[in-house]
Amino acid sequence: MKTTFRQSMSWLHTWGGLWFTWILFAIFLTGTLGVFDDPISHWLREKGKIGEFTPLTAEQRADAVRKAQAYLQEKSPRAEFWTIGLPDDENPELRVFWRADDDAPVHRLRLDAQTGRELPPGTARETEGGHHFVHMHFEFHAGMAGIWIVGAATVAMLVALVSGIVVHKKIFTDFFTFRPGKGQRSWLDGHNALGVLTLPFLFMISYTGLIIFWSIYMPAGILARYAGDEDAFFAKLNEGPPPRPMQFADAPVHELASLMQRGEAAIEREAGFVVVNHAGDRSAAVRIFGRFDPEAETDRLVGRSNGSALFDGVSGETIDVQKPNTVRGGNVLQTQRTMNALHFVRFGGYPMKWLYFLSGMAGAAMLATGAILFMVKRRKKSANEFGGATPRVYRIIEALNVAAIAGLSLACIGFFWINRLLPLDVAQRGTREIVLFFALWLLTLVHAGLRPPLAAWREQLAAVATLCLALPLLNLATTGDWLFAALARGDGETAGVELTAIAFGLIFAAALRQLQRRMAKPAVDTRIDEKTGAPANDVAPATGGR
Amino acid sequence: MDKHFAVYLVFFVCYAALLALCLAMDRHHAQVLHGKPGRPRRLALRLAGGSLIGVALWLCSLAWGWAIGPVAWFGLLSAAAFALVFLLPYAPRFAGWLIVVGPVLALPPFFL
Amino acid sequence: MSVPFASPRPRSALLSRIVAAVFGGYALASVFSIFVSHLLPAELPEAVLGATLFSFAVYTAAIVWVFAAASATRAWLGLLIPGALMGALAFALQVGGAA
């Protein structure tokens, strides 16, 4: 029997989609939350209570850099890199990061800008903040392996979009169609509507996501045309100075405070970061980065340079200066930057972020409805794809659906609860929060495996709704701050996080109510609709087909 | 143009455009206004819908420029489409009335 | 249709298609990015970047092709022929350009 193009695409859409849908849902949900990583960090760090940050004077900045250099010199005299993050209103402490060599872990610590000593745990709510969701989004906190998993899933997403369009026969006549309360038909309608209405967004966000890591995902061009010399390739592409390979000869790092002052003078902007590459080696280079200026990004699609100055890390000689608001590189590089910018939505301020948030959530919902549709169809009548193992495979798919959709949602809102409930003085607090996040997610999988599918759905949805709705109360109980206090002082970030949590709580509660109604009566039979003769039914019966 | 004002304005222009396109289809015309649209009305609705989508893009370019404008346009079109698609089954009459009530409530505060 | 794992196609043919899609498609996209980097009228680093920007679309299209083809053999041929062609041309251009 000859299979048609649409039939093969239907197969590809169903199975290619299914095996990747759980990962993709996680990517979409966490990435969408990541759109608001700054307000989320604001909430998680209780910044509403800290009040205004007083910027450091030039002398204080130089002093802070001196303290950081002394600290790093003692901890890791030779290092692949040192990074010093100067205090700003996002991070009021002095931050240092270093890595001994390529294989070593990155160390990150916060110092007291006045004394240069490590801040003891418990002085502030140490947390990864909203970046947790961003890291989940592009690497699942799993480094290079995570980046590859996300890349593979993104390609699967593109394939599912293309095949989905082919499968969806009546893409235009059904454009505005959503028929609720009709079981499988409604899931299909919802899946189609969510997918079709956000189609441009979905293509854009998937493709640009791949482009961000283009040299990791598709290194063939650099390998073949540049013999794999990435440093040389990127130096040329970015029109920067040539790379400085390791020389494996000891040399002391130049005094950083003076380099920072010269750098600030050269770029005519305050420094935000001081980075030393190959610290302790003769090839050392020091780069002073200008402070990030969010205002300058709002009105243009592609943000411009914040300015940077590069010095020889031993002699202190100036190698390169790029002034703020300048652009380097040719048209193709600008194209790639535009694609990155489209993905990161640093432009356009809050209105644009909200549009991305809505579109991203619609994408996540489209994935969720697709995964649920798969099982809704098969609950009624098994398609028997796996022979005798079919019921067991279905059971696993049901459990994964619950854990991936409701379970991850629970872990995400749970992260906010963990942040408030974990004692302040535990060591490595930021990491603990993330470990507990994964533990909670794993727990939802165990729960989904043990309970019957519909009961698992009901219980996890109820848990998500409760945690979301009670978030302001948790904040009040643990920190004394909450929604109304935040609204009263005009703290839109804190209030926004809690209001959004309440909105999600209501959505999950509504889903729960639907589910309970559905559990109260036997499975929906499409024939019932024909008896009631609702006009919406004169359209085609469930297309099945996939 | 003030960006927040532009968000509301373009949203309703997009909503009007999509509503017009949707009313040009028998099924949805029956849902919102009852009966089937005649041929002239159908054509008029399609024409209005199409041109309003163009107007929305133009308004976006005024508010955000031609780099960011199209992104805002796609986003607001999607948002308006969601509003319409999810109102149609639950409150079909209101889906029609929203284009009258919505702008009247949302837009004037910007001029106060 | 839609009985994928119990389809009349033998299981090995399905496996062959999956390998063709994942690895064959990736190889085709890689060769494409090298080949097109020779054609783009830009300086070398930009040409490489530009070609790579398109290669993800090629990968997607290759996967769709593999599952749309009438047989696994045809699916492989559809990857190998354009792949070999682009590879040979890229090699010729590389050698010719170096001479």
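The values are calculated or read from the model by the stated rules, or taken from the named source; none is laboratory data. What you are looking at is a predicted structure, and each value in this text was computed from that prediction instead of being measured. All Cβ positions, glycine included, derive from the backbone under ideal geometry; neighbour counts span all protein chains shown. Keep in mind that these areas ignore ligands, DNA and RNA; they rest on the heavy atoms of the full protein, side chains included. Shrake-Rupley method; radii C 1.70, N 1.55, O 1.52, S 1.80 Å.
Would you check which residues across the stretch A:376-397 are surrounded by 13 or more Cβ atoms within 10 Å (Cβ to Cβ) and at positive phi and list them?
Across the stretch A:376-397, the qualifying residue is only A:N384.
Could you tell me which numbered condition A:L373 fails, if it satisfies all but one of (1) touching a Leu at 6+ places or on another chain (Cβ under 7 Å); (2) surrounded by 17 or more Cβ atoms within 10 Å (Cβ to Cβ); (3) within 11 Å of chain B (Cβ to nearest Cβ)?
Exception for A:L373: condition (3).
Cβ-Cβ under 6 Å, sequence separation 6+ or interchain: first residue in the stretch C:70-87 and within 13 Å of chain A (Cβ to nearest Cβ) and farther than 21 Å from A:L12 by Cα, partner open to solvent by less than 60 Å² (accessible area, probe 1.4 Å) and aliphatic (A, V, I, L, M). Which pairs?
Hits for this filter: C:G83/C:L28; C:G83/C:V31; C:M86/C:V31; C:G87/C:V31.
Given the conditions (1) open to solvent by 10 Å² or more (accessible area, probe 1.4 Å); (2) at pLDDT 85 or above, which single one is not true for A:G51?
Single failed check for A:G51: (2).
In contact with a Pro (Cβ under 8 Å, 6 or more places away or on another chain) and either modelled with pLDDT of 90 or more or part of a loop (DSSP other than H, G, I, E, B) (or both), is that true of A:A113?
Numbers: in contact with a Pro (Cβ under 8 Å, 6 or more places away or on another chain): yes; either modelled with pLDDT of 90 or more or part of a loop (DSSP other than H, G, I, E, B) (or both): yes.
Taking the combined requirement at face value, the residue satisfies it.
Would you check if there is a residue in the stretch A:131-141 being part of a loop (DSSP other than H, G, I, E, B), surrounded by 17 or more Cβ atoms within 10 Å (Cβ to Cβ) and outside the structural domain of A:F248 (by TED's automatic domain parsing)? Please lay out each step first, then the result.
Initially, the stretch A:131-141 is screened for residues part of a loop (DSSP other than H, G, I, E, B), giving A:140-141.
Pick out the ones that are also surrounded by 17 or more Cβ atoms within 10 Å (Cβ to Cβ) and you get A:140.
Okay, now just the ones that are also outside the structural domain of A:F248 (by TED's automatic domain parsing), so A:140.
The answer is yes; a qualifying residue exists.
Are there any helices (runs of 4 or more DSSP H) wholly within the stretch A:437-491 with 3 or more residues that are surrounded by 19 or more Cβ atoms within 10 Å (Cβ to Cβ), and if so which? Walk me through it before giving the result.
On the way: elements: A:453-469, A:471-479, A:483-488.
Ranges flagged: A:453-469, A:471-479.
So A:L410 ticks every box in (1) within 25 Å of the chain's Cα centre (by Cα); (2) not in a helix (DSSP H, G or I) but one. Which box is left unticked?
Looking at each condition in turn, A:L410 falls short on (2).
Considering only residues that are within 12 Å of the chain's Cα centre (by Cα) and within 9 Å of chain A (Cβ to nearest Cβ), which ones fall in the stretch C:36-65?
Correct list: C:S55, C:F56, C:A57, C:Y59, C:T60, C:A61, C:I63, C:V64.
Could you please give the count of residues in the stretch C:31-64 that are among the small types (G, A, S) and buried (at least 23 other Cβ atoms within 10 Å of the Cβ)? Quick ask: steps written out before the conclusion?
Within the stretch C:31-64, the subset among the small types (G, A, S) is C:33, C:37, C:42, C:47, C:50-51, C:55, C:57, C:61-62.
Those left that are additionally buried (at least 23 other Cβ atoms within 10 Å of the Cβ): C:33, C:37, C:50-51, C:55, C:62.
Qualifying residue count for the region: 6.
Being open to solvent by less than 30 Å² (accessible area, probe 1.4 Å), more than 7 Å from every other protein chain (Cβ to nearest Cβ) and of a type in the set (A, V, I, L, M, F, W, C) is the filter here; which residues of the stretch A:144-170 pass it? Write out each step before concluding.
Within the stretch A:144-170, the first condition is being open to solvent by less than 30 Å² (accessible area, probe 1.4 Å), and the residues that meet it are A:146-147, A:150-151, A:153-161, A:163-164, A:167-168.
With the extra rule that they be more than 7 Å from every other protein chain (Cβ to nearest Cβ), the set shrinks to A:146-147, A:150-151, A:153-154, A:156-157, A:160-161, A:164, A:167-168.
Answer for the stretch A:144-170, where residues must be open to solvent by less than 30 Å² (accessible area, probe 1.4 Å), more than 7 Å from every other protein chain (Cβ to nearest Cβ) and of a type in the set (A, V, I, L, M, F, W, C): A:I147, A:V150, A:A153, A:A156, A:M157, A:A160, A:L161, A:V167.
Taking into account only those residues within the stretch B:1-25 that are at the interface with chain A (Cβ under 10 Å from one of its Cβ atoms) and not hydrophobic (A, V, I, L, M, F, W, C), which is least open to solvent (accessible area, probe 1.4 Å)?
B:K3
Table: residues versus (1) under 16 Å from B:G102 (Cβ atoms); (2) open to solvent by less than 10 Å² (accessible area, probe 1.4 Å).
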position: B:H29; (1), (2): no, yes
position: B:P40; (1), (2): no, no
position: B:C60; (1), (2): no, yes
position: B:G69; (1), (2): no, yes
position: B:L76; (1), (2): yes, yes
position: B:A80; (1), (2): yes, yes
position: B:L88; (1), (2): yes, yes
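Could you please let me know if A:A364 is surrounded by fewer than 19 Cβ atoms within 10 Å (Cβ to Cβ), under 26 Å from A:W187 (Cβ atoms) and not charged (D, E, K, R)?
no
Checking the condition of a type in the set (S, T, Y) and within 16 Å of A:A511 (Cβ to Cβ), which residue from A:S409, A:S382 passes?
Details: A:S382 fails: within 16 Å of A:A511 (Cβ to Cβ).
Matching residue, one of A:S409, A:S382: A:S409.
Being over 19 Å from the mean Cα position of the chain (by Cα), crowded, with 22+ Cβ neighbours inside 10 Å and modelled with pLDDT of 95 or more: is that true of A:N419 here?
Working: over 19 Å from the mean Cα position of the chain (by Cα): no; crowded, with 22+ Cβ neighbours inside 10 Å: yes; modelled with pLDDT of 95 or more: yes.
When the stated conditions are applied, A:N419 does not pass them.
Restricting attention to helices (runs of 4 or more DSSP H) lying wholly within the stretch A:1-93, give those where 3 or more residues are closer than 30 Å to A:F374 by Cβ and within 14 Å of chain C (Cβ to nearest Cβ).
Numbers: elements: A:5-11, A:17-34, A:37-44, A:47-50, A:58-75.
So the answer is A:5-11, A:17-34.
Could you tell me how many of the residues in the stretch B:90-112 are without any contact (Cβ under 8 Å) to a residue 40 or more places away in the chain and within 13 Å of another protein chain (Cβ to nearest Cβ)? Give the steps one after another, and end with the answer.
Going residue by residue through the stretch B:90-112, those that are without any contact (Cβ under 8 Å) to a residue 40 or more places away in the chain are B:90-91, B:94, B:97, B:100-101, B:104-105, B:108-109, B:111-112.
If we keep only those that are within 13 Å of another protein chain (Cβ to nearest Cβ) as well, we get B:90-91.
Final tally of qualifying residues: 2.
Report yes if A:V155 is under 30 Å from B:V32 (Cβ atoms), assigned to a helix (DSSP H, G or I), of a type in the set (V, I, T) and within 27 Å of the chain's Cα centre (by Cα), otherwise no. Break it down stepwise before answering.
Numbers: under 30 Å from B:V32 (Cβ atoms): no; assigned to a helix (DSSP H, G or I): yes; of a type in the set (V, I, T): yes; within 27 Å of the chain's Cα centre (by Cα): yes.
In short, no.
Restricting the first residue to the stretch A:280-302 and requiring it to be more than 26 Å from A:I319 (Cα to Cα), which pairs with a second residue that is in a loop (DSSP other than H, G, I, E, B) and open to solvent by less than 20 Å² (accessible area, probe 1.4 Å) meet a Cβ separation below 7 Å and a spacing of at least six or different chains?
Going by the 7 Å Cβ cut-off, the qualifying pairs are A:E297/A:F347; A:T298/A:F347; A:T298/A:G348; A:R300/A:F347; A:L301/A:F347.
Consider A:V253 carefully, then state whether it is under 25 Å from A:N331 (Cβ atoms), in a loop (DSSP other than H, G, I, E, B) and not assigned by TED's automatic domain parsing to the domain that holds A:I149.
Taking the combined requirement at face value, the residue does not satisfy it.
Away from chain B (no Cβ under 14 Å), of a type in the set (G, A, S) and assigned to a helix (DSSP H, G or I): does that describe A:A389? Quick ask: steps written out before the conclusion?
Numbers: away from chain B (no Cβ under 14 Å): yes; of a type in the set (G, A, S): yes; assigned to a helix (DSSP H, G or I): yes.
Yes; evaluated as a whole, the condition is true for this residue.
Please find, among A:T115, A:T177, A:T154, the residue that is in the same structural domain as A:E74 (by TED's automatic domain parsing) and among the β-branched types (V, I, T). First the steps, then the outcome.
Numbers: A:T177 fails: in the same structural domain as A:E74 (by TED's automatic domain parsing); A:T154 fails: in the same structural domain as A:E74 (by TED's automatic domain parsing).
Of A:T115, A:T177, A:T154, the one residue that is in the same structural domain as A:E74 (by TED's automatic domain parsing) and among the β-branched types (V, I, T) is A:T115.
Residues to consider are B:G54, B:G50, B:G35; find the one that is of a type in the set (G, A, S) and over 29 Å from B:H4 (Cβ atoms). It would help to see each step written out before you state the result.
Working: B:G54 fails: over 29 Å from B:H4 (Cβ atoms); B:G50 fails: over 29 Å from B:H4 (Cβ atoms).
Sole residue among the options that is of a type in the set (G, A, S) and over 29 Å from B:H4 (Cβ atoms): B:G35.
Please give the number of the condition A:G183 fails out of (1) at pLDDT 95 or above; (2) more than 16 Å from A:H13 (Cα to Cα); (3) more than 10 Å from chain C (Cβ to nearest Cβ).
(1)
Looking at the stretch A:60-105, which of its residues are open to solvent by 60 Å² or more (accessible area, probe 1.4 Å), of a type outside the set (D, E, K, R) and under 28 Å from A:K47 (Cβ atoms)?
Scanning the stretch A:60-105 gives A:Q60, A:P105.
Please identify the pairs in which a residue from the stretch A:219-245 that is more than 9 Å from every other protein chain (Cβ to nearest Cβ) and in contact (Cβ under 8 Å) with a residue 40 or more places away in the chain has its Cβ atom under 7 Å from the Cβ atom of a residue that is open to solvent by less than 30 Å² (accessible area, probe 1.4 Å) and of a type in the set (A, V, I, L, M), counting only partners at least 6 apart or on another chain.
From residues that are more than 9 Å from every other protein chain (Cβ to nearest Cβ) and in contact (Cβ under 8 Å) with a residue 40 or more places away in the chain, the pairs are A:P241/A:A235; A:P241/A:L310; A:R244/A:A285.
Please specify each residue of the stretch A:189-218 satisfying the condition of being in contact (Cβ under 8 Å) with a residue 12 or more places away in the chain and away from chain C (no Cβ under 14 Å). Don't jump to the end; show me each part of the working.
As a first pass, look at the stretch A:189-218 and keep what is in contact (Cβ under 8 Å) with a residue 12 or more places away in the chain: A:189-199, A:201-217.
Listed by number, the residues that qualify are A:D189, A:G190, A:H191, A:N192, A:A193, A:L194, A:G195, A:V196, A:L197, A:T198, A:L199, A:F201.
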